[in-house]
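The values are calculated or read from the model by the stated rules, or taken from the named source; none is laboratory data. Quick caveat: nothing in here was measured; it's all calculated off a predicted structure. Methodologically, a virtual Cβ is constructed for each residue, glycine included, from the backbone with ideal geometry; neighbour enumeration extends over all protein chains shown.
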Amino acid sequence: MSTAVPPPAPSQVNQLELNILNSVTEAIIATDHTYSVIFINPAAQNLTGLSARMALHQPLSQLFAAEDKLLYLARVAMEEARSISDHETIVLHRAYSAPLPISASASPLYNDAGNQSGIILTMHNAANLHQLQQDLQRVDRLAMLGTLAAGLAHEIKNPLGGIRGAAQLLSLEMEERPDLAEYTQVIVRETDRINGIINELMDLTRERPRTFDKVNISRIIQDIVLLQQQVPQFRRIAFHLHLDPSIPPISADEVLITRLLLNIIKNAAEAITDAGSVTITTRINTEHHLSIPGRQPVPFVVISVNDSGSGIDADTMKKIFTPFFTTKSGGSGLGMAICQKIVNQHDGLLNIESTPGAGTSCYIYLPLKR
Ligand SMILES: Nc1ncnc2c1ncn2[C@@H]1O[C@H](COP(=O)(O)OP(=O)(O)O)[C@@H](O)[C@H]1O
Ligand SMILES: [Mg+2]
């Protein structure tokens, strides 16, 4: 004998389901069979910048006129009655805010009778994911360069040592020709410079054992700024520090973190041709967490370095992490590549925003591991 469980009153079910749909962080939009929107949850209103009033009863083709790929997903779900996703290529163009990379899925929507009555679109913000993918590509590039550099460094360092030694001997022989001695000095100086670049390159690519200690970020920043203020070229730069005193020491490699911050702060100062300002701010970011399976999620410390310098145009921005890319006459072009590597070694993130002509902001995220 089967006991019939009375179905819950439809209104109750609807209210509960509605509460769920309205509370999830996933953006959800449903349409009828004419692609006209019949439901949009708050997360979807947030993501798209469309209010319920603007979106309801409007066709998707009008609301998302610029998003061909999203409309394609909708069409497949509607016409072929199957689910389809795109996690990589959709960029949402919104009226009042910046374009946003999203990940989206479309599925057929069925009514009680089991007939298809429309479609459901689910979307979420994929900006972080994109950032992560870009980071991974940079890491890949570095790994490749590492193999190349290790071989190259070995091949170059030996003959370089020979050249330097010979130049020194030559200078001893030239005591009675001081007019020529200058040339041998140039040889020695330039070989030292090449040697320096190779060492830097090897530093970048070699895995050196890290020593993780408790590191006081505020102190490192203060020390770096104190020294940079003495550099004659940076005389007319005002350095402003806003360091959150409540940030505890973080677990990190002090030598590497110092190199990271020095590179970023020097780049900021070097971007200022005459007078200007460099502002360094630290804070704890509680919106994003580093998740390690089986461990408590840890928040990030964010160090932002903002300069009023030249800014970085879109073309340059694509290349700044490429080793040896530099726009400076005496630059090595290794600074940013080294920074990226150090940030990766600390499970952090590096983000750069710039307005050409107005300045650049560099954001370093480091996990606050205790
Ligand atoms: N804060 C900044 N403002 C403007 N341009 C920057 C900034 N940081 C980096 N860059 C650009 O990125 C390039 C690469 O930087 P980096 O790898 O540190 O090498 P380098 O400083 O030796 O040129 C710089 O030459 C510059 O064009
Ligand atoms: Mg640099």
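Which count do you get for residues in the range 75-132 that are in contact with an Asp or Glu (Cβ under 9 Å, 6 or more places away or on another chain), surrounded by fewer than 17 Cβ atoms within 10 Å (Cβ to Cβ) and among the hydroxyl-bearing types (Ser, Thr, Tyr)?
Qualifying residue count for the region: 1.
Yes or no: THR322 of a type outside the set (Lys, Arg) and near ligand 1 (Cβ under 9 Å from one of its atoms)?
Yes, satisfied.
How about the range 236-274: which of its residues are within 16 Å of ligand 1 (Cβ to nearest atom), at pLDDT 95 or above and more than 19 Å from the chain's Cα centre (by Cα)?
ILE237, ALA238, PHE239, HIS240, LYS266, ALA269, GLU270, ALA271, ILE272
Suppose we filter ASP347, ASP315 for residues that are among the acidic types (Asp, Glu), assigned by TED's automatic domain parsing to the domain that holds LEU261, more than 15 Å from ligand 2 (Cβ to nearest atom) and closer than 18 Å to PRO367 by Cα; which single one remains?
Answer to the selection: ASP347.
Let's see how each residue does on (1) at pLDDT 90 or above; (2) assigned by TED's automatic domain parsing to the domain that holds ALA74; (3) assigned to a helix (DSSP H, G or I); (4) under 18 Å from PRO108 (Cα atoms):
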residue	(1), (2), (3), (4)
ASN22	no, yes, yes, no
THR31	yes, yes, no, yes
ILE38	yes, yes, no, yes
ALA43	yes, yes, yes, no
LEU47	yes, yes, yes, no
LEU50	yes, yes, no, no
MET54	yes, yes, yes, no
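Out of everything in the range 52-105 that is small (Gly, Ala, Ser) and under 23 Å from the mean Cα position of the chain (by Cα), what residue ends up being farthest from ASN41 (Cα to Cα)?
Filtering first and then ranking leaves ALA98.
GLN296 versus (1) in a strand (DSSP E or B); (2) modelled with pLDDT under 90: which is the lone unmet condition?
Condition (1) is where GLN296 drops out.
Within the range 208-227, is even one residue aromatic (Phe, Trp, Tyr), farther than 18 Å from LEU262 by Cβ and not in a helix (DSSP H, G or I)?
yes
In the range 299-312, what count of residues is obtained for those that are of a type in the set (A, V, I, L, M, F, W, C), more than 13 Å from ligand 2 (Cβ to nearest atom) and out of contact with any Leu (no Cβ under 6 Å at 6 or more places or on another chain)?
Matching residues across the range 299-312 total 3.
Here is a check on your reading of the model: is GLY359 within 21 Å of ILE237 (Cβ to Cβ), within 13 Å of ligand 1 (Cβ to nearest atom) and crowded, with 18+ Cβ neighbours inside 10 Å?
yes
Which condition number does ILE224 fail, the rest of (1) touching a Leu at 6+ places or on another chain (Cβ under 6 Å); (2) within 16 Å of TYR365 (Cβ to Cβ) being met?
Among (1) touching a Leu at 6+ places or on another chain (Cβ under 6 Å); (2) within 16 Å of TYR365 (Cβ to Cβ), ILE224 violates only (2).
For residues in the range 321-344 being within 14 Å of the chain's Cα centre (by Cα) and in a helix (DSSP H, G or I), which is nearest to ligand 2 (Cβ to nearest atom)?
Filtering first and then ranking leaves MET336.
For every residue, the table says whether it meets (1) more than 17 Å from ASN199 (Cα to Cα); (2) of a type in the set (A, V, I, L, M, F, W, C); (3) loosely packed, with under 11 Cβ neighbours inside 10 Å; (4) in contact with a Pro (Cβ under 9 Å, 6 or more places away or on another chain).
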| position | (1), (2), (3), (4) |
| --- | --- |
| THR147 | no, no, yes, no |
| LEU152 | no, yes, no, no |
| ALA166 | yes, yes, no, no |
| LEU170 | yes, yes, no, no |
| MET174 | yes, yes, no, no |
| ASP179 | yes, no, yes, no |
| ILE187 | yes, yes, no, no |
